[in-house]
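Quick notes on the structure that follows.
The values are calculated or read from the model by the stated rules, or taken from the named source; none is laboratory data. Given the structure is predicted, the values throughout are model-derived calculations rather than measurements. Cβ sites come from the backbone with ideal geometry, for glycine too, and all protein chains shown count toward neighbours.
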Amino acid sequence: MTERAHPGAVRVRAATPDDVDQIHAFIVGLAEYEGAPDQVTGTPELLRAGLFGGPGTDPSAEALIAELDGVAAGFALFHGTFSTWECRPGVWLEDLYVPQRFRRAGVGHALLRRLAALTLERGCARLEWHALDWNEPAIAVYHRLGARMQTEWRIMRLADDPLAALASTDHVS
């Protein structure tokens, strides 16, 4: 086991509306780490609605906060999926982020452990997430945990103008 850089125990809890600004700051930190800070277009208000719902809307996702000695030290944001082949729900980990100063203190592991437990508690078949191909330290950790890369799948994304164009067409060309 890696020696902890911090003396305290990691506590993982469900995020509350009071955590929205901190989660948004973590999202910005993650984007900076990934070299894409200009791609964060969401606001704390949109995040609040996504995590906790709003007038006439249900929450779209959930988040966990990891604390080390009472200080927010990382987060995991996730939502449900469904496997048609297994006919069971799953959990999709959208983002997990631990700022550099809290790494190697067990924060990421604690977040993943709690998320794995939630996955099983909810009767889900699997926990899945993306990993950037250049993030070799994270991939190594995921492999040590038993995760396996699904190399045969490619992510497809339709957004912005192409999404709107497709939605407005009456037929497929």
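Candidates Val40, Val71, Val107: the one that is closer than 20 Å to Asp18 by Cα and of a type outside the set (Lys, Arg) is Val71. May I ask you to list the residues in the range 11-27 that are part of a helix (DSSP H, G or I) and either among the small types (Gly, Ala, Ser) or surrounded by fewer than 14 Cβ atoms within 10 Å (Cβ to Cβ) (or both)? Passing the criteria: Pro17, Asp18, Asp21, Ala25. Only residues that are modelled with pLDDT of 95 or more and among the small types (Gly, Ala, Ser) were counted in the range 3-34, giving 5. A single member of Asp58, Asp69 is more than 16 Å from the chain's Cα centre (by Cα), exposed (fewer than 14 other Cβ atoms within 10 Å of the Cβ) and in contact (Cβ under 8 Å) with a residue 60 or more places away in the chain, and it is Asp69. Does Phe102 meet the test of being surrounded by 10 or more Cβ atoms within 10 Å (Cβ to Cβ), modelled with pLDDT of 95 or more and either among the basic types (Lys, Arg) or under 25 Å from Gly35 (Cα atoms) (or both)? Yes, satisfied.
Looking only at the range 122-173, count how many residues are in a helix (DSSP H, G or I) and either within 23 Å of Arg103 (Cβ to Cβ) or in contact with a Cys (Cβ under 6 Å, 6 or more places away or on another chain) (or both).
Narrowing the range 122-173 to residues in a helix (DSSP H, G or I): 136-145, 160-168.
If we keep only those that are either within 23 Å of Arg103 (Cβ to Cβ) or in contact with a Cys (Cβ under 6 Å, 6 or more places away or on another chain) (or both) as well, we get 136-145.
So the answer is 10.
The residues on offer are Ala125, Ala140, Ala159, and the sole one that is over 16 Å from the mean Cα position of the chain (by Cα) and modelled with pLDDT of 95 or more is Ala125.
Cβ-Cβ below 7 Å, separation at least six or inter-chain, first residue in the range 19-34 and touching a residue at least 60 places away in the same chain (Cβ under 8 Å), second of a type in the set (A, V, I, L, M, F, W, C): which pairs? Here the result reads Phe26/Phe75; Ile27/Val40; Glu34/Leu132, each pair linking the range 19-34 to a residue that is of a type in the set (A, V, I, L, M, F, W, C). Scanning the range 105-141 for residues that are surrounded by 15 or more Cβ atoms within 10 Å (Cβ to Cβ) and among the basic types (Lys, Arg) returns a single hit, Arg114.
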